[in-house]
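Colleague: What follows is a single structure, and I will ask about it in a moment.
The values are calculated or read from the model by the stated rules, or taken from the named source; none is laboratory data. Here the structure is a predicted model, which is why all the values come from computation and not from measurement. Note: ideal-geometry Cβ built from the backbone for every residue, glycine included; neighbour counts use all protein chains shown. Surface areas here come from the heavy atoms of the whole protein model, side chains and all, with no ligands, DNA or RNA. Shrake-Rupley method; radii C 1.70, N 1.55, O 1.52, S 1.80 Å.
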Amino acid sequence: MYPGNPDVINQSAEMARWRVENEQKYYCNYCQVDITTLRVKCAVCNDFDLCLECFSSGAELGNHTRDHDYHIVDQGNFSLCESEWTALEELAVLEGIEQYGYGNWEEIADHIGNRTSQEVIEFYQARFVHGNLGKSCIPEESPYKVVDHTSSKDGPLSPSLSTPPQPPAELTLQEQQELGYMPLRDDFEREYDNEAESMVSTLAVNYDDDDLETALKLAQVDMFLRRLKERQRRKRIAREYGLVGIFFNKQKQQAKRKLSKDEKELRDRMKVFSQFHASEQHEQFFENLQKEKQMRSRIKELMRYRRNGITKLEECSEYEAARYKREKRKENKKKLATPAASKKGGALAGGKKPEEKEGKKSADEKDSGSDSEKYQGIKSAPCFNLLSEREKTLCSSMGMNPAKYMTVKTIIIKDHVQRRQGIPTKTRYPQNLDKLHRKRIISFLADSGWITVG
């Protein structure tokens with residue numbers, strides 16, 4: 001029962017009054033016998049009832065004659081189909097199902113008054129489901145049966161192809177409780193836009209709705225479906241990119257090379273497209289952009305060679321060496337064309353005292369003597385015999401170990417070759433390498449024709 005529902009209370013009161021009114025006593029007007037259960041009521045005389053015996057014998061009393069119209073009145077205490085249930089009880093069963101809903105047998109039994117819930121279930125199944133009434137009303141095969149068109153294995157509509165299973169995230173019990181994650185269902189207790197169902201929870205379609213009300217309700221359902229699609233899209237992205245594991249720093253990151261500054265900027269700009277790609281597709285998209293950039297750079301370089309009359313790859317290295325020498329000569333001419341600095345230096349040199357000149361000369365001699373001592377000091381170092389005379393002089397002037405110089409030289413030349421091929425790289429010099437020494441080495445390699453400085 002529903003004690004707090006006023007509608008149910010009013011309906012129960014009305015049913016009680018109806019039973020009291022219909023359970024009043026009736027007596028035969030001729031023989032005064034109790035005819036409450038079954039009586040013959042005269043349709044012409046006012047308030048005139050007879051029992052079956054008096055009616056069959058043709059009893060007449062007062063204005064009533066035997067030829068008057070009549071009708072039979074029964075209180076419903078008889079059985080309809082030779083069962084223990086009366087007509088009133090069967091009517092109460094149907095009223096209870098309509099009022100409380102199918103399956104609420106306790107409330108239906110209380111509505112009848114003198115039957116248990118088990119008796120109500122057995123009677124309803126025997127009479128209205130498995131009986132003649134149920135067989136004639138309920139078809140054997142429902143015309144609204146849903147047919148599964150999906151394939152059981154790997155067909156075109158196979159569930160394994162449309163919704164591939166995702167492995168559950170590897171989380172501890174404490175982490176699952178903290179996140180509200182259910183690993184067996186691969187789902188969350190609180191979804192994105194968790195109140196979306198409230199839009200249609202109270203929605204009902206009535207037969208008397210006009211076209212405008214129907215259109216408004218359909219628009220409301222459409223908005224609800226859009227919110228569900230957005231929720232599903234976010235869950236798909238979380239599964240594909242492993243965001244649940246990343247949330248707790250449990251995702252095993254694959255070893256990746258360190259990106260250059262240009263690559264980082266490009267990846268940041270392309271992040272907006274990650275919502276339309278899967279994880280592997282987005283990585284492939286980024287790699288394709290990098291390849292496109294390299295190909296464009298290489299095409300521009302080849303077009304420059306073609307404009308200068310070069311048609312073979314073997315001639316490219318010769319052209320680059322000649323171009324570097326030509327640019328170097330231009331730089332030297334520019335330096336000679338600026339006499340201001342040289343005049344200023346000459347004036348300062350001409351104004352020096354003889355004592356200062358002699359002191360400078362002695363200092364130069366001292367430096368040259370110290371250079372020769374350094375040269376003698378690195379003569380026994382490893383890789384000394386691999387150096388040219390100019391490289392030996394350079395190492396001795398800087399006081400650098402020949403092995404360290406060879407390492408720096410290899411790194412600079414290797415990075416220069418990769419840049420020429422359009423491969424973005426970031427030069428990594430050895431630790432504790434002085435900046436002045438690095439600049440002197442780069443300038444030496446450029447003067448020697450090993451690299452070009454652009």
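Colleague: Using a 1.4 Å probe and counting only protein heavy atoms, arrange Ser198, Ser83 so the residue with the most accessible area comes first.
Modeller: In descending accessible area the options line up as Ser198, Ser83.
Colleague: Further question on the same structure: Round to the nearest 10 and report in Å² the accessible area of Ile72, as given by a 1.4 Å probe over the protein chains' heavy atoms.
Modeller: Here the residue's solvent-accessible area equals roughly 100 Å².
Colleague: So what J values fall out for segment 275-285 if you push phi through Karplus, 6.51 cos²θ - 1.76 cosθ + 1.60 with θ = phi - 60°, rounded to Hz, Gly and Pro as x?
Modeller: 3J(HN,Hα) across segment 275-285, in whole Hz: 6, 9, 10, 6, 4, 5, 5, 5, 5, 5, 4.
Colleague: Leaving ligands, DNA and RNA out of it, work out the accessible area of Lys334 with a 1.4 Å probe and give it in Å² to the nearest 10.
Modeller: We get 150 Å² for Lys334.
Colleague: Please express the Cα-Cα pair-distance distribution P(r) of segment 383-427 as a list of whole percents, one per 5 Å bin, running from 0 to the bin with the greatest distance.
Modeller: The distribution over segment 383-427 is 5, 21, 25, 15, 13, 12, 7, 0, given as percents.
Colleague: Tabulate in residue order the Karplus-calculated ³J(HN,Hα) for segment 125-135, using 6.51 cos²θ - 1.76 cosθ + 1.60 with θ = phi - 60°, rounded to whole Hz; enter x for Gly and Pro.
Modeller: Here the 3J(HN,Hα) series is 5, 6, 8, 9, 10, 9, x, 5, 5, x, 5 Hz.
Colleague: Under 1.5 on a/c is rounded, so check that first for segment 187-335, then, if it is not, pick prolate when a/b is larger than b/c and oblate when it is not; a ≥ b ≥ c are the square roots of the alpha carbon gyration tensor eigenvalues.
Modeller: prolate
Colleague: Per-residue counts of other Cβ atoms within 10 Å, averaged by peptide: what ranking do you get for 114-120, 199-205, 90-96, highest first?
Modeller: Ranked by mean Cβ neighbours within 10 Å, highest first: 90-96, 114-120, 199-205.
Colleague: Sticking with this structure for a sec: Please arrange Tyr70, Tyr405 by accessible surface area, largest first, computed with a 1.4 Å probe and ligands excluded.
Modeller: Result of the area sort, largest leading: Tyr70, Tyr405.
Colleague: Tyr70's amide H: which non-local residues (gap 5+, or another chain) put their own amide H closer than 5 Å, with H modeled 1.01 Å from N in plane and none for Pro or chain starts?
Modeller: The answer is Ala43.
Colleague: If you roll a 1.4 angstrom probe over the protein chains with everything in place, what fraction of the accessible area of segment 252-336 belongs to carbon and sulfur, to the nearest %?
Modeller: 53 percent
Colleague: How much accessible area does Thr36 have with a 1.4 Å probe, in Å² rounded to the nearest 10?
Modeller: 20 Å²
Colleague: Amide H neighbours of Arg39 under 5 Å, counting only residues 5+ apart in sequence or on other chains, H built in-plane at 1.01 Å?
Modeller: For Arg39, the qualifying residues are Val73.
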